[in-house]
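Comments concern the structure below.
The values are calculated or read from the model by the stated rules, or taken from the named source; none is laboratory data. From a predicted model like this one, the values you see are computed outputs, not experimental measurements. Ideal geometry is used to build each Cβ from the backbone, glycine not excepted, and the neighbour counts take in all protein chains shown.
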Amino acid sequence: MYPLMPNTRRPTMAQVAHVAGVSVMTVSYAYSQPERVSPEAAAKVRAAATKLGYPGPHPAARSLRRGRVGSLGLVLGERLAYAFDDPQAARFLAGVAEVCAAEAVGLTLVPTSGEDSDATRVADAAVDGFVVWTTTESDPVLDAVIATGLPAVIHAGPHRPGLPVVGIDDRAAAAAIGHVAFAKARWPAVLSFPLDRSRRQQLLRGRSPAHAAFPVTRHRWQGFTDAWTNLGGSLDQLRIAVCPHNSAAHGEALSRELLTSGQPPDAIAAMSDELALGALRAAEQAHIAVPDMLSITGWDDSEAASGAGLTTLAQSLRDQGIRCAQLALGKATSMKEEDRTDWQIIHRRSTRASASGVDR
């Protein structure tokens with residue numbers, strides 16, 4: 001006898017079998033291999049399950065039998081809302097989700113906060129593999145991901161031996177778009193992503209500092225300095241405004257500060273379209289003509305960039321998300337640790353130069 005006790009939190013398969021008057025194996029087959037159960041027996045199992053409120057076999061038990069969980073883990077390295085608030089992260093997430101839907105697997109978001117509990121959260125994630133959104137060089141979550149022994153892919157870096165990195169050559173791309181932004185400029189500026197997790201707003205000059213923990217920030221900064229020095233400029237002239245977050249509001253605020261300084265920039269290269277759109281708003285409010293007095297470039301070629309006439313560097317974060325998910329789920333292979341994707345410069349009316357586009 002298997003009576004259903006009042007304090008039972010989840011009815012068991014054995015209880016369903018007892019009420020239905022069939023064997024436990026029959027109940028199991030009714031859920032996992034229904035073709036092996038007669039219509040009459042299946043009807044009894046369904047009726048008993050409904051009566052007891054039995055939802056089916058526990059997902060963990062099914063996973064053990066199949067040898068897989070049926071879910072892909074996306075490690076954000078940020079608070080959970082970041083996946084939806086940050087336009088770049090949202091586009092990337094859409095690509096990952098597209099593959100998960102096509103492969104009929106779930107998507108588990110694994111946000112981290114920089115606390116010791118992050119490694120435990122990664123270790124406990126019930127997933128078949130990981131996609132890691134770009135993070136800092138020393139992020140311990142990377143070691144935690146590797147320690148699981150599961151397939152893993154890192155978006156845009158940093159690098160770890162044996163794990164593919166999907167993204168573009170940020171330094172080469174920044175050098176190309178920087179050459180367009182800084183053409184005919186004397187006092188260029190860069191609207192930058194944060195240097196590290198402190199997300200401190202700063203105004204710097206010159207070369208990328210050694211403490212730039214986010215490789216995306218560091219590589220793009222290096223590319224912009226390459227562009228400026230190749231144009232014959234001095235690094236003392238190049239200012240870098242470090243924004244706390246990737247948003248038009250922060251881009252506008254720091255651009256306004258630059259444009260009202262004693263030596264306002266005549267060119268601004270932004271590390272995202274969102275920051276660049278903020279710079280366009282600041283220029284409009286200050287009655288500064290773009291591009292005659294101020295050249296502005298963005299990065300990503302968003303829909304808003306097109307509408308604003310913004311010269312930008314086009315890359316597909318959605319396609320990169322698709323590629324990362326395919327690799328992590330074993331639906332694609334990569335023979336290289338750096339899995340490079342394409343980019344190109346889209347020339348519009350926000351820049352002075354109309355040089356031919358550069359593709360990679």
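Which ones in region 258-282 are polar (S, T, N, Q) and in contact with a strand residue (DSSP E or B) (Cβ under 6 Å, 6 or more places away or on another chain)?
As a first pass, look at region 258-282 and keep what is polar (S, T, N, Q): 260-261, 263, 272.
The one that is polar (S, T, N, Q) and in contact with a strand residue (DSSP E or B) (Cβ under 6 Å, 6 or more places away or on another chain): SER272.
Hydrophobic (A, V, I, L, M, F, W, C), closer than 24 Å to THR134 by Cβ, under 28 Å from the mean Cα position of the chain (by Cα) and outside any strand (DSSP E or B) - does that describe any residue in region 281-297?
no
So TRP228 ticks every box in (1) surrounded by 21 or more Cβ atoms within 10 Å (Cβ to Cβ); (2) within 27 Å of SER113 (Cβ to Cβ) but one. Which box is left unticked?
(2)
Tell me, which residue of region 123-139 that is farther than 21 Å from ARG68 by Cα and touching a residue at least 60 places away in the same chain (Cβ under 8 Å) is surrounded by the fewest Cβ atoms within 10 Å (Cβ to Cβ)?
Result: SER138.
Which of the following residues is at pLDDT 90 or above and at positive phi: GLY67, GLY21, GLY73, GLY53?
Sole residue among the options that is at pLDDT 90 or above and at positive phi: GLY21.
Which residue is surrounded by the most Cβ atoms within 10 Å (Cβ to Cβ), if the candidates are limited to region 140-176 and must be in a helix (DSSP H, G or I) and modelled with pLDDT of 95 or more?
Out of the qualifying residues, it is ALA174.
Only one of PHE182, PHE214 is touching a residue at least 40 places away in the same chain (Cβ under 8 Å), under 24 Å from PRO291 (Cβ atoms) and buried (at least 22 other Cβ atoms within 10 Å of the Cβ). Can you tell me which?
Checking each option against the conditions leaves just PHE182.
Quick one: would you say ARG91 is touching a residue at least 40 places away in the same chain (Cβ under 8 Å) and surrounded by fewer than 21 Cβ atoms within 10 Å (Cβ to Cβ)?
yes
Which condition from (1) without any contact (Cβ under 8 Å) to a residue 60 or more places away in the chain; (2) farther than 30 Å from GLY114 by Cα is the one that GLU252 breaks?
If we test GLU252 against (1) without any contact (Cβ under 8 Å) to a residue 60 or more places away in the chain; (2) farther than 30 Å from GLY114 by Cα, just (2) comes out false.
When you go through SER255, SER192 one by one, which is the residue that is more than 25 Å from GLU137 (Cα to Cα), surrounded by 14 or more Cβ atoms within 10 Å (Cβ to Cβ), in contact with a strand residue (DSSP E or B) (Cβ under 7 Å, 6 or more places away or on another chain) and not aliphatic (A, V, I, L, M)?
Selected residue: SER255, the only one of SER255, SER192 that is more than 25 Å from GLU137 (Cα to Cα), surrounded by 14 or more Cβ atoms within 10 Å (Cβ to Cβ), in contact with a strand residue (DSSP E or B) (Cβ under 7 Å, 6 or more places away or on another chain) and not aliphatic (A, V, I, L, M).
For region 123-139, which positions are assigned to a loop (DSSP other than H, G, I, E, B) and among the aliphatic types (A, V, I, L, M)?
ALA125, ALA126, VAL127
Those residues that are modelled with pLDDT under 95 and not hydrophobic (A, V, I, L, M, F, W, C), I need them from region 319-339; list them, please.
Within region 319-339, GLY330, LYS331, THR333, SER334, LYS336, GLU337, GLU338, ASP339 meet the criteria.
Would you point out which residue out of THR108, THR120, THR112 is in a loop (DSSP other than H, G, I, E, B) and either surrounded by fewer than 22 Cβ atoms within 10 Å (Cβ to Cβ) or not assigned by TED's automatic domain parsing to the domain that holds ALA249 (or both)?
THR112
Select the strands (runs of 3 or more DSSP E) contained entirely in region 177-277, then report the ones holding at least 1 residues which are modelled with pLDDT of 95 or more and within 19 Å of THR351 (Cα to Cα). Spell out the reasoning first.
On the way: elements: 188-192, 202-205, 239-242, 267-270.
Where strands (runs of 3 or more DSSP E) fall fully within region 177-277 and carry at least 1 residues being modelled with pLDDT of 95 or more and within 19 Å of THR351 (Cα to Cα), they are 188-192, 239-242, 267-270.
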